[in-house]
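The values are calculated or read from the model by the stated rules, or taken from the named source; none is laboratory data. No experiment lies behind these values; they were computed from the predicted model shown. Please note: Cβ atoms are built from the backbone with ideal geometry, for glycine as well, and neighbour counts cover all protein chains shown.
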Amino acid sequence: MERGKFIDVAADEDKHPEWKTLTSRQKPLEERKDDIRSPFARDYTRILHSTAYRRLKHKTQVFFNVGNDHICTRMEHVNHVESVSTTIAQWLGLNVELARAIAIGHDLGHAPFGHQGEQVIKDLARKYLGDNFWHEKNGLRFVDKIELLEDSKGRYSNLALTYAVRDGIISHCGEVDENGLKPRTELIDLDFFETPGQYPPATWEGCVVKIADKIAYLGRDIEDAMTLGFLSKTAHSKLLKMARAYDERAMNTTVIMHNMIVDICQNSSPEKGICMSPSIYKQMVDLRDFNNKYIYKHPRFKPFKKYSELILRQIFNVLYRCYRERRTIYCLKDKLSFAPQLLKTFSEWLARYCTADIVPDEKLQGSKSLKDISHECENEKIYEDLSDRKLYVQSILDFIAGMTDRFAIEVFNELIMYN
């Protein structure tokens, strides 16, 4: 098996003709003369230190089970994607640091309660904003507009990731079956993305992460389904039959990952793209179809769907009723005094992203006033002065999208305890 077939097309400074654009940032980062990291390695650590990444450990991947330490969370999924992407990129001769950065950041800002939570926010965005919500686009929004990091002077600003990593995040959609992934040739404005999977990634490394995303979730979802007793005897028999077709005794995460990773490394080339052999590609499609039939559409998901929708819609409705244009933050205390956790966190959220002139000089269960929080944040004030109701709705949806399952439940419990 030939190694390094993609060395000449990797996103490296001395090889890629668009290196300057791939490493460009919307805003320069703080200069560090002794920094030994590459631009993509620096992106990786900025994502690693972000709040959105930390919250992935308490976000549902597929199965809602906040009390079970052995069920895959969104963070574990991201780590699987990073592992698969790193292995493939390293063997093919691609930029491993870029692949790792895209992989670790690809699900930032994903809604709580997995795809069901995403559907709830999608419905709310369509109704109140006339806009389409999808998690790849929201991931880009989070790294561009939402996530803040503190610098050495105590100032908070946006992540300002490189173009290549931002592109990999918004273009990672793996819902469409395709074999032979190749990067697009034009480095377009990423705001041009209007639907999931509309454009392929701009780099080979982004293509690797896109296929690694699918490899990572197929087997892990099967393992969790078996652990939780989702699979019937019929489903077990079909799974065993698929395994025997490839001379395997089991279908699990490690078996599926190994077979597909090796197959991609054997069959991919700059001419054919990032691809699998016909037999392994068929296995991937068969497993996806199996999961759709026996796991994702399982009737045991119905209570979870209703529960998560109730929680997120109730949080949205309570906050939506608090709108008072420029006076909104002042009015939150009167409206939400019964829910101190929701009052504090949402008020601080608005303080970070609204213009300072509408933020009150008031402390809410903390040492810093809302005004102090506003002044230490040098990010783009994306909600402006809240005079536009749509910007306020967007602030609520961003706030909810950033929540963990656990926090959403805690806030909801505040609301029902009051009622």
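Within the range 114-134, if we keep just the residues that are closer than 22 Å to V165 by Cβ and in contact (Cβ under 8 Å) with a residue 40 or more places away in the chain, the residue that is surrounded by the most Cβ atoms within 10 Å (Cβ to Cβ) turns out to be F133. May I ask you to list the residues in the range 69-112 that are at pLDDT below 95 and among the aromatic types (F, W, Y)? Scanning the range 69-112 gives no hits.
Residues checked against (1) within 29 Å of F133 (Cβ to Cβ); (2) in contact with a strand residue (DSSP E or B) (Cβ under 8 Å, 6 or more places away or on another chain); (3) of a type in the set (G, A, S):
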residue	(1), (2), (3)
I188	yes, no, no
D191	yes, no, no
E194	yes, no, no
A202	yes, no, yes
V208	yes, yes, no
E223	no, no, no
A243	no, no, yes
D263	no, no, no
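Residue-level check: of (1) of a type in the set (D, E); (2) surrounded by 14 or more Cβ atoms within 10 Å (Cβ to Cβ); (3) in contact with a Phe, Trp or Tyr (Cβ under 9 Å, 6 or more places away or on another chain), E348 misses just (3). Check off (1) surrounded by fewer than 20 Cβ atoms within 10 Å (Cβ to Cβ); (2) of a type in the set (A, V, I, L, M, F, W, C); (3) modelled with pLDDT of 95 or more for I47 and give me the number that stays unchecked. Only one criterion in (1) surrounded by fewer than 20 Cβ atoms within 10 Å (Cβ to Cβ); (2) of a type in the set (A, V, I, L, M, F, W, C); (3) modelled with pLDDT of 95 or more is unmet by I47, namely (1).
Screening Q341 against (1) of a type in the set (S, T, N, Q); (2) in contact with an Asp or Glu (Cβ under 8 Å, 6 or more places away or on another chain); (3) under 23 Å from K390 (Cβ atoms) leaves a single unmet condition, (3). Identification of helices (runs of 4 or more DSSP H) wholly contained in the range 103-194 with 1 or more residues that are touching a Gly at 6+ places or on another chain (Cβ under 6 Å) and either assigned by TED's automatic domain parsing to the domain that holds S279 or farther than 30 Å from I409 by Cβ (or both) yields 163-170. With respect to being in a loop (DSSP other than H, G, I, E, B), surrounded by fewer than 22 Cβ atoms within 10 Å (Cβ to Cβ) and either without any contact (Cβ under 8 Å) to a residue 40 or more places away in the chain or among the hydrophobic types (A, V, I, L, M, F, W, C) (or both), D12 falls outside the description.
Residues that are more than 28 Å from the chain's Cα centre (by Cα) and part of a helix (DSSP H, G or I): does the range 375-391 have at least one? Scanning the range 375-391 turns up at least one residue that is more than 28 Å from the chain's Cα centre (by Cα) and part of a helix (DSSP H, G or I). Screening S269, S232, S277 for residues that are in contact with an Asp or Glu (Cβ under 7 Å, 6 or more places away or on another chain) and at pLDDT 85 or above leaves exactly one candidate, S277.
The condition of being out of contact with any Lys or Arg (no Cβ under 7 Å at 6 or more places or on another chain) and either assigned to a loop (DSSP other than H, G, I, E, B) or farther than 30 Å from E186 by Cα (or both) holds for only one of F64, F40, that being F64. Of the numbered criteria (1) touching a helix residue (DSSP H, G or I) at 6+ places or on another chain (Cβ under 6 Å); (2) over 30 Å from E136 (Cβ atoms); (3) not β-branched (V, I, T), the one C377 fails is (2).
Considering the range 220-278, and only residues there that are assigned to a loop (DSSP other than H, G, I, E, B) and polar (S, T, N, Q), the residue that is surrounded by the fewest Cβ atoms within 10 Å (Cβ to Cβ) turns out to be S232.
Residues are listed down the side, and each one gets a yes or a no for (1) more than 28 Å from the chain's Cα centre (by Cα); (2) among the β-branched types (V, I, T); (3) in the same structural domain as F407 (by TED's automatic domain parsing):
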| position | (1), (2), (3) |
| --- | --- |
| K233 | yes, no, no |
| L240 | yes, no, no |
| R249 | yes, no, no |
| I274 | no, yes, no |
| K282 | no, no, no |
| Y330 | yes, no, yes |
| K335 | yes, no, yes |
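Here T23, T87 are screened, and the one residue that is assigned by TED's automatic domain parsing to the domain that holds P183, surrounded by 17 or more Cβ atoms within 10 Å (Cβ to Cβ), in contact with a strand residue (DSSP E or B) (Cβ under 6 Å, 6 or more places away or on another chain) and not aromatic (F, W, Y) is T23.
Evaluated against (1) more than 30 Å from A225 (Cβ to Cβ); (2) of a type outside the set (F, W, Y); (3) surrounded by 15 or more Cβ atoms within 10 Å (Cβ to Cβ), I315 falls short on exactly one condition, (1).
Restricting the first member to the range 292-310 and to residues that are among the β-branched types (V, I, T), and the second to residues that are assigned to a helix (DSSP H, G or I), the beta-carbon pairs closer than 6 Å and six or more apart or on different chains are I295/D221; I295/A225. Closer than 30 Å to Y353 by Cβ and at pLDDT 95 or above: does that describe G197? Against the criterion (closer than 30 Å to Y353 by Cβ and at pLDDT 95 or above), G197 does not qualify.
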